[in-house]
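Please treat every number below as a calculation from the coordinates, not as lab data. Every value quoted in this text rests on a predicted model; they were computed, and no experiment measured them. Ideal geometry is used to build each Cβ from the backbone, glycine not excepted, and the neighbour counts take in all protein chains shown.
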């Protein structure tokens, strides 16, 4: 537990970076791979048929969600102490924004459970036909997806603040901070597009560019934390 004692130390930075990579791996699996494998666009019944056939993969995705959220809580606290000396108010706000994102993600799992219970017939709704159950389960999944639009707003705020702190602190390369600051707006663009302008291809292009920047910046930041740690001031 000694790695937690000094937020300015390299062991602390390495642990933070390792947790960051854990988030990337677990999130990539549960948020990207599993839905891409199981979801059938525009066909709720086919989606739940896939889930029934690949229940192990579905549960693995839920486990990935839990691992990611637990690591997110740790990273939120560790980043706060890491950048508190640069600006305590901004560092605390960045931590709160990331924790709010985790809270929304956790709430989304209730709708996952509800949709699955409806599709499986685990909920005693004798007055509903199977078709009506599937339609209601589809509504639950839509609400779950809408949660993504919400947590992305908090994550955009977090990355904006984190990027600012990286730039102002002088502890890490400014390019990483600028990448987080600029690229993080891709989450805002994605939420706006998916909610209000799903057919706007121009926004799609902008979103992809910005999210690519922030992905590279986050991975670069985590690898820098593991390999180098914070800059040591020259005396």
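Does region 189-207 hold any residues that are surrounded by fewer than 20 Cβ atoms within 10 Å (Cβ to Cβ) and either part of a loop (DSSP other than H, G, I, E, B) or in contact with a helix residue (DSSP H, G or I) (Cβ under 8 Å, 6 or more places away or on another chain) (or both), and which are they?
First, pick out the residues of region 189-207 that are surrounded by fewer than 20 Cβ atoms within 10 Å (Cβ to Cβ): 192-206.
If the condition is that a residue be surrounded by fewer than 20 Cβ atoms within 10 Å (Cβ to Cβ) and either part of a loop (DSSP other than H, G, I, E, B) or in contact with a helix residue (DSSP H, G or I) (Cβ under 8 Å, 6 or more places away or on another chain) (or both), then 192, 193, 194, 195, 197, 198, 199, 200, 203, 204, 206 are the ones that fit.
Going by the structure shown, is residue 215 assigned to a helix (DSSP H, G or I) and within 14 Å of residue 152 (Cβ to Cβ)?
On the way: assigned to a helix (DSSP H, G or I): yes; within 14 Å of residue 152 (Cβ to Cβ): yes.
When the stated conditions are applied, residue 215 passes them.
Of these, 138, 186, 147, which one is surrounded by 22 or more Cβ atoms within 10 Å (Cβ to Cβ) and assigned to a helix (DSSP H, G or I)? First the steps, then the outcome.
Details: 138 fails: surrounded by 22 or more Cβ atoms within 10 Å (Cβ to Cβ); 147 fails: surrounded by 22 or more Cβ atoms within 10 Å (Cβ to Cβ).
After applying the criteria, what remains is 186.
I'd like the full set of residues that are touching a residue at least 40 places away in the same chain (Cβ under 8 Å) and farther than 16 Å from residue 42 by Cα, limited to region 120-151.
The answer is 120, 147, 148, 149, 150, 151.
Inside region 76-115, can you point out the residues that are closer than 30 Å to residue 132 by Cα and crowded, with 20+ Cβ neighbours inside 10 Å?
105, 115 - these are the residues of region 76-115 that are closer than 30 Å to residue 132 by Cα and crowded, with 20+ Cβ neighbours inside 10 Å.
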